[in-house]
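**Student:** I'd like to ask you about the structure that follows.
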2 protein chains.
Amino acid sequence: MKNSETEQKIKNAASIVFKQKGFKEARTRDIAEQAGVNLALINYYYKSKEALFNEIMTESILTFKQSLCKYINDETTTAQEKITIIVNNYLSLLQQEPNLPIFLVKELYNSSELLNKIKPEEVLKNSLLQKQLQEMGKTNEKKKNLIINTMSLVVLPIIGKPIIQAFCSKNEQEYLTFLEERKTNIPIWIKSMFNL
Amino acid sequence: MKNSETEQKIKNAASIVFKQKGFKEARTRDIAEQAGVNLALINYYYKSKEALFNEIMTESILTFKQSLCKYINDETTTAQEKITIIVNNYLSLLQQEPNLPIFLVKELYNSSELLNKIKPEEVLKNSLLQKQLQEMGKTNEKKKNLIINTMSLVVLPIIGKPIIQAFCSKNEQEYLTFLEERKTNIPIWIKSMFNL
DNA sequence: ACAAAATTTAAACAATTGATTAAAACAAAC
DNA sequence: GTTTGTTTTAATCAATTGTTTAAATTTTGT
């Protein structure tokens with residue numbers, strides 16, 4: 001029987017453990033324990049640790065792609081509004097899943113295969129956001145920088161949490177309000193950087 | 001005999017391997033091979049893999065602190081010039097050691113001990129850069145954001161290299177010129193973000 | 001209710017890996 | 001040149017970990 005309850009439990013558990021520890025440091029025993037399931041069932045339902053990992057990765061990347069596509073092709077919003085929405089949504093997402101960016105970076109660094117599954121260059125090239133920025137007279141170079149800088153300002157404060165907390169002497173609560181303030185600040189900064 | 005040639009070879013090799021693979025995934029056998037030295041010598045000169053790691057980490061963090069302090073306390077430069085110099089120097093450094101930021105983030109995420117060795121909040125608080133920004137009428141909040149945003153714009157394009165290359169369809173050469181252009185762009189962006 | 005198939009379990013295997021050991025090679029002191 | 005202490009080596013240990021196996025248990029089809 002495909003898609004049994006056990007199979008799902010394993011996949012969910014693996015997703016948690018892999019994102020927390022990365023592929024190499026995640027032990028099959030951790031996954032089995034997290035799923036509340038016998039160790040051997042991992043190899044019974046999925047051929048191997050690696051096969052399980054690849055299935056989860058592919059799904060995650062595709063989900064991410066779909067959510068991004070939804071935002072950047074929304075017919076009802078301006079370019080500026082799109083940026084605000086993306087910043088807010090991804091900061092909220094990353095507050096809940098702070099391990100995600102470092103996990104993705106680590107695992108994608110040497111395997112471009114996975115990344116190519118989503119044909120990333122197509123995503124932006126054919127997007128409404130792209131066209132809207134074009135109409136505002138932005139060059140290709142400026143458009144790319146705008147995306148990369150937005151990503152930088154959103155993601156790095158999540159990745160660098162312990163370093164930021166140490167350097168700016170922020171406790172947990174101060175760090176949270178700092179992130180909250182960035183939801184309004186980043187769109188403003190992007191606008192002043194690129195004269196939007 | 002302390003600081004023998006072998007001891008140094010091990011430390012140098014370990015530094016390379018740890019930064020490349022992280023603590024857990026770096027094998028003592030990798031380090032021994034990289035050093036061209038018998039496996040057992042690692043435990044002979046350093047008590048354990050962990051002791052070796054801590055020694056290297058502490059040294060690296062202190063070196064980093066010293067170089068940062070030099071820049072942000074330079075009496076001969078304005079605040080804007082300091083930012084330009086820091087951006088240029090760290091982008092150059094990270095071009096040579098692209099694994100460094102993800103390594104640091106990964107290893108510091110759960111061990112605040114190491115980070116506290118450099119008393120990071122003191123570094124900025126007593127700096128000339130801090131005073132110069134103060135005199136320009138910047139609030140504490142703005143000063144912190146300025147530092148964090150500079151760090152974000154510098155570091156993320158290094159960490160996210162494969163993702164940026166995929167999304168913006170840049171080959172190796174295009175990526176390098178992209179980084180080179182950021183050395184002049186980032187200071188300009190920071191200025192327009194914070195009205196410097 | 002029974003047989004066949006699918007699922008689950010405990011145990012074990014084989015490879016990896018940090019660390020140790022005991023002997024060998026080498027250097028220093030006298 | 002012998003003794004003593006240091007450094008290096010090869011071999012081994014013990015723990016960890018992905019995977020397999022064979023038996024036990026549960027589910028399914030009739």
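**Student:** Other chains' Cβ within 10 Å of A:117-123 residues: what's the mean?
**Tutor:** Across the residues of A:117-123, the mean count of other-chain Cβ atoms within 10 Å is 3.
**Student:** Which whole DSSP H helices in chain A pass both tests: a Cα extent of 15 Å or more along the axis and a mean Kyte-Doolittle value no lower than 0.5?
**Tutor:** Once both thresholds are applied, what remains is A:140-159.
**Student:** Based on other C-beta atoms within 10 Å, arrange A:68, B:128 from fewest to most.
**Tutor:** Neighbour counts put them in this order, fewest first: B:128, A:68.
**Student:** Right, another one. Please return the longest stretch of chain A lacking exposed loop sites, where trypsin sites (Lys or Arg not before Pro) count only if DSSP places them in a loop and at most 16 other Cβ atoms lie within 10 Å. Before the final figure, lay out each step's value.
**Tutor:** Working: sites that count: A:2, A:27, A:47, A:117.
Between the exposed loop sites, the longest stretch runs A:118-196.
**Student:** Just grab the label-to-label distance for residue A:141 and residue B:63, each label 7 Å out from Cα along the Cβ direction, in nm (one decimal).
**Tutor:** 3.4
**Student:** What does the average come to when, for each residue of peptide B:140-152, you count the partner chain Cβ atoms lying within 10 Å of its Cβ?
**Tutor:** Across the residues of B:140-152, the mean count of other-chain Cβ atoms within 10 Å is 5.
**Student:** Which GluC sites (Glu not before Pro) from the stretch A:29-88 combine a DSSP loop assignment with at most 11 other Cβ atoms within 10 Å?
**Tutor:** A:75
**Student:** Just from its helices, what would the mean residue ellipticity at 222 nm be for the protein assembly as shown, if runs of 4 or more DSSP H residues each count -39500 (n - 2.57) and the sum is divided by every residue, rounded to the nearest 500 deg cm²/dmol?
**Tutor:** The helix-only estimate for the protein assembly as shown comes to -25000 deg cm²/dmol at 222 nm.
**Student:** Based on the alpha-carbon gyration tensor of the stretch A:98-168 and its eigenvalue square roots a ≥ b ≥ c, which shape applies: rounded if a/c is under 1.5, prolate if not and a/b is larger than b/c, or oblate?
**Tutor:** Since a/c reaches 1.5 but b/c is at least a/b, the shape of the stretch A:98-168 is classed as oblate.
**Student:** Rounded, prolate or oblate for the protein assembly as shown? Axes are the square roots of the Cα gyration tensor eigenvalues, ordered a ≥ b ≥ c, and the cut-off for rounded is a/c under 1.5.
**Tutor:** Judged from the Cα gyration tensor, the protein assembly as shown comes out oblate (a/c at least 1.5, b/c at or above a/b).
**Student:** On to the next question. For a test of the definition: using alpha carbon positions, the gyration tensor, and the 1.5 limit on a/c, classify the stretch B:57-194 as rounded, prolate or oblate.
**Tutor:** It is oblate, given that a/c is not under 1.5 and a/b is not larger than b/c.
**Student:** Tell me the label-point distance for the pair residue B:93, residue B:8, using the 7 Å Cα-to-Cβ offset, in nm and rounded to one decimal.
**Tutor:** Rounded to a tenth, the inter-label distance reads 2.3 nm.
Values quoted throughout were computed directly from the atomic coordinates according to the rules given, and no laboratory measurement underlies them. From a predicted model like this one, the values you see are computed outputs, not experimental measurements. Heads up, the Cβs are rebuilt from the backbone with ideal geometry, glycines too, and the neighbour counts pull from every protein chain shown.
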